[in-house]
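The values are calculated or read from the model by the stated rules, or taken from the named source; none is laboratory data. Just so we're clear, the structure is a prediction, and the values are computed from it rather than from any experiment. A quick note on method: Cβ atoms are made from the backbone with ideal geometry, for glycine too, and the neighbour counts reach across all protein chains shown. Heavy atoms of the whole protein, side chains included, go into the accessibility calculation; ligands, DNA and RNA do not. Shrake-Rupley method; radii C 1.70, N 1.55, O 1.52, S 1.80 Å.
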Amino acid sequence: MQRNQSKMRGGNRLWLVIILLVGFYSESWGQNPWQQDRGEALISPFVSRYKADFYRDKSGEKIPFENNGTFQNVNPRLYFSFPVKGYKINLFGTVPWFSNQYEDSNENQQNQDFGDIELGLRFHLKQYERSYLLASVTTFIPAYKNNQLPYAGFDRLGMEARVMLYGNAAWIGDTNNFHKVEAGLRYFFPDDPFQLRIYASEGYRFAQRLVILGELDCIFSESGNSDFFEDNLQLVSDFGMVKAAVNLGYEFTPELALYGGLFHDIYNKNSGIGRGFQVFSVIKFK
C-alpha cells in the first residue's frame, strides 16, 4: 500500500509541474535565439559509444561485473526542432537507435532496436537581459519490444516537465560564450520510475571558430524496484548517476557546427560506471 501511494505521489507531482509550466507561459517580448522562428528549423545528428565493466552499489562500493562482464552500446539518434507558433512555441523530438551488447566469459547477448521516441513542445517564457527562460513538456514513446536481451528501455510511456535557462555571461564576453541549465521531472506510467534530471553546460569560443564545451548530466531515479542488472543497465530503475563530458567543436558557419568529445561518470549509485565518446553536429536551416 505504501509503495502504491508513493507511485501516485510521483505521478501527481509531475502533473502539477506540467500545469504550472503551461500556466506560466506568456506572450513575452523579445525574440529568443535558442528557439526556431518562422521559416527556420534545426536538426542535430548524434552518436555515442558507452561502455561499463564496473558498477557502484547503493553504498558506493565499486564492484566489477561478474565473469569479466562488459556492457556497451552504440546509440545514434536524430534530434529536430521547428516552430509551431514562431519562436514562442517549438515542436521538438528525438528518434534514437540502440545497439546493445553484454558479454562475459559465459555468454554474449546482443540486441539492436529503436529506443524511446521523444516528442514535445518547448515554450519561450521570458527574457532576462542576456538569458532566456524556457519550459518544455515531453512524451516518451517506446518504439521497441523487449523480447531480446539486453533490452532497449523500460517499455513504458513516459512524460517529463522541464525548465531551462539559456544565455551568455557578459563578464566572459559578448558573443564568445553560452550556457545551458536545465531541470526536469520525468515519470514512467503506470507506476515508476520517477526521475529528477539535471543538465548544465558551458561553451566558450576561441580561435574564431573553435568551441570548448563542458557538460554535466545528472539522473536521480526513484523506484520500488531496486534490483541491479549487470547485463541490462537500461532496465535499472532505482539509481543515481552524474556524467561529465568535454567536447571540442568547430563552427564551419553560423548554421553548421561539429562537436566531438569524451565522457565519464563521476558519481554512481546502484548504476554502471560508464565511459565513452560522442560525436554530434548542429545544423540550422533558414
- Message: From the phi angles alone, apply the Karplus equation (6.51, -1.76, 1.60; θ = phi - 60°) to segment 124-133 and give each ³J(HN,Hα) in whole Hz, x where the residue is Gly or Pro.
- Response: 7, 9, 7, 10, 10, 6, 8, 10, 10, 9
- Note on the structure: So, with points 7 Å from each Cα along the Cβ direction, the residue 155-residue 204 label distance in nm works out to 4.7 nm
- Query: At a 1.4 Å probe, what is the % contribution of carbon and sulfur to the accessible area of the chain?
  - Reply: 59 percent
- Task: Report the extension gain between residue 38 and residue 246 in nm, rounded to one decimal, defined as 0.36 nm multiplied by the number of residues separating them, less their alpha carbon distance.
- Result: 71.6 nm
- Message: Need the list of lysines near residue 284 for cross-linking: C-alpha distance under 28 angstrom, and skip anything on the same chain fewer than eight residues off.
- Response: 85, 88, 126, 180, 243
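Could you please put 171, 34 in sequence from largest to smallest accessible area, using a 1.4 Å probe? Mind dumping the intermediate values first?
Numbers: 171 210, 34 65 Å².
The most accessible residue leads, giving 171, 34.
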- Message: Using the Karplus curve 6.51 cos²θ - 1.76 cosθ + 1.60 with θ = phi - 60°, what ³J(HN,Hα) values do you get for each residue of segment 40-54, in whole Hz, with x for Gly and Pro?
- Response: 10, 7, 9, 10, 9, x, 9, 9, 9, 10, 10, 9, 8, 10, 10
- Please get the size of the charge dipole for the chain, origin at its Cα centre, with Cβ charges of +1 on Lys and Arg and -1 on Asp and Glu, quoted in debye to the nearest 20. 980 debye
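Ignoring ligands, DNA and RNA, what accessible area per residue does segment 136-286 give at 1.4 Å, in Å²?
Numbers: 6970 Å² over 151 residues.
Roughly 46 Å² per residue, with all protein chains present.
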- Which ³J(HN,Hα) values, rounded to whole Hz and listed in residue order, are derived for segment 93-98 from phi using the Karplus coefficients 6.51, -1.76 and 1.60 in 6.51 cos²θ - 1.76 cosθ + 1.60 with θ = phi - 60°, glycine and proline given as x? x, 9, 10, x, 10, 10
- Item | For residue 157, distant residues with modelled amide H under 5 Å away | 189
- Note on the structure: Counting only residues 5 or more apart in sequence or on a different chain, those whose built amide H sits under 5 Å from that of residue 57 are 63, 270
- Query: How many angstrom lie between the C-alpha centres of segment 240-286 and segment 38-97?
  - Reply: 9 Å
- Helix 2-24 versus the longest principal axis of the chain: what angle, 0 to 90°, nearest 10, using Cα atoms? 10 degrees
